[in-house]
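In what follows, a structure is listed as structure tokens, so that the remarks can point back to it.
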Amino acid sequence: ASVPLIGAPRLWDEGLTGAGVRIAVVDTGIDADHPDFAGRIAATSDHTGEGPQDGNGHGTHCAGIAAGSGAASDGVYRGVAPGASLYIAKVLRANGQGMMSTVMAGVEWAVDQGVHVISLSLGGPGPGDGTDALSEMCDAAVAEGITVCVAAGNEGPNGYTVGAPGCARDVITIGACNDDDRMAAFSSRGPTTDGRVKPDVVLPGVDIVAPRASGTSMGA
């Protein structure tokens, strides 16, 4: 439901599947054996000491939303850009936790890989003004021509709840809506502490079906 809602199948019909696009998912790693990613994981980097395998499930879920082929579901649950290549930076441990410095290392690695897009579905508590080190690093990546997409966070519905790196100035900060285009109650809201509007856009983020990492239980 969610991928058609944003119009992706129309682009597939025009031949735009993400082929040739390099997407970095900076998260909890990936289940590299999941059929939806076969032949399209270009590189992985572990910054946690646990190895690149996803012991949490969130990174696999997010990678599938971005670029899952739908192979495991006979094409029913396909990601937005099923032809894209994936670069996986594991910066959060199996418990979903991590340090800002580790996330920064993952972003730096992704930039060095020459990716086109960096996806960060993570963040610290709000509010923020974009002057923290991680936000400034994300803005620097944008300045090099990389599209950086960051989650607004899950601390809504009150305002002033967007933290780093969602409060960065030049990233695309994404909030969550349901399939009826209504803002999800949990989705964080701005403004930032220096008065800027965030998020920049909202996209489907409720009851999303996506690949599940082996040995984990995230999602239905």
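The values are calculated or read from the model by the stated rules, or taken from the named source; none is laboratory data. Note that this is a predicted model, so its numbers are computed, not measured. For neighbour counting, all protein chains shown are included, and Cβ atoms are generated from backbone atoms with ideal geometry for every residue, glycine included. In case anyone asks, the SASA skips ligands and DNA or RNA and just uses the protein heavy atoms, side chains included. Shrake-Rupley method; radii C 1.70, N 1.55, O 1.52, S 1.80 Å.
According to the square roots a ≥ b ≥ c of the eigenvalues of the Cα gyration tensor, what is the shape class of the range 91-153, taking rounded for a/c under 1.5, prolate for a/b larger than b/c otherwise, and oblate for the remainder? Let's see the in-between values first.
Details: a/c = 1.76, a/b = 1.24, b/c = 1.42.
Here the range 91-153 falls in the oblate category.
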Using the Kirkwood radius over Cα pairs of the range 1-90, the Stokes-Einstein translational diffusion coefficient at 10 °C and 1.306 mPa s, in µm²/s and rounded to a whole number, is 121 µm²/s
A student applying the Cα gyration tensor rule (rounded when a/c is under 1.5; otherwise prolate if a/b is larger than b/c, oblate if not) would label the range 67-112 oblate
Of the residues Gln53, Ile146, Val202, the Cα lying farthest along the dipole of the chain towards its positive end, which is defined by charges on the beta carbon of Lys, Arg, Asp and Glu, belongs to Val202
In the range 133-220, the GluC sites (Glu not before Pro) that sit in a DSSP loop and have at most 12 other Cβ atoms within 10 Å of their own Cβ are Glu144
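From the C-alpha gyration tensor of the chain, pull out the three semi-axes of the equivalent ellipsoid (sqrt of 5λ each), sorted largest to smallest, in whole Å. Please list the in-between numbers first.
Details: eigenvalues 122, 83, 57 Å².
Largest first, the chain gives 25, 20, 17 Å.
Relative contact order of the chain: what whole-number percent is it, with Cα pairs under 8 angstrom and at least 6 residues apart?
For the chain, the relative contact order is 21 percent.
If each DSSP helix of 4+ residues adds -39,500 (n - 2.57) and the sum is divided by the residues in the chain, what number results at 222 nm, nearest 500 deg cm²/dmol?
On the way: 5 runs with 44 residues, N = 220.
One gets -5500 deg cm²/dmol as the mean residue ellipticity at 222 nm.
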Computed ³J(HN,Hα) along the range 38-50: with the Karplus parameters 6.51/-1.76/1.60, θ = phi - 60°, integer Hz and x for glycine or proline, the list is 4, x, 10, 8, 7, 6, 10, 8, 9, 10, 10, x, 8
If each part is reduced to its alpha-carbon centroid, the range 95-150 and the range 8-72 end up apart, in Å, by 18 Å
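Of all trypsin sites (Lys or Arg not before Pro) in the range 137-220, which ones are in loop regions per DSSP and have a Cβ with at most 13 other Cβ atoms within 10 Å?
Values: sites: Arg169, Arg182, Arg189, Arg196, Arg212; in loops: Arg169, Arg182, Arg189, Arg196, Arg212.
Answer in residue order: Arg182.
Antiparallel DSSP bridges in the chain: what percent, to the nearest 5?
Numbers: 1 of 27 bridges.
Here the share of antiparallel DSSP bridges comes out near 5 percent.
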Expected field for Arg10, accessible surface area in Å² at 1.4 Å probe radius, rounded to 10, holds 150 Å²
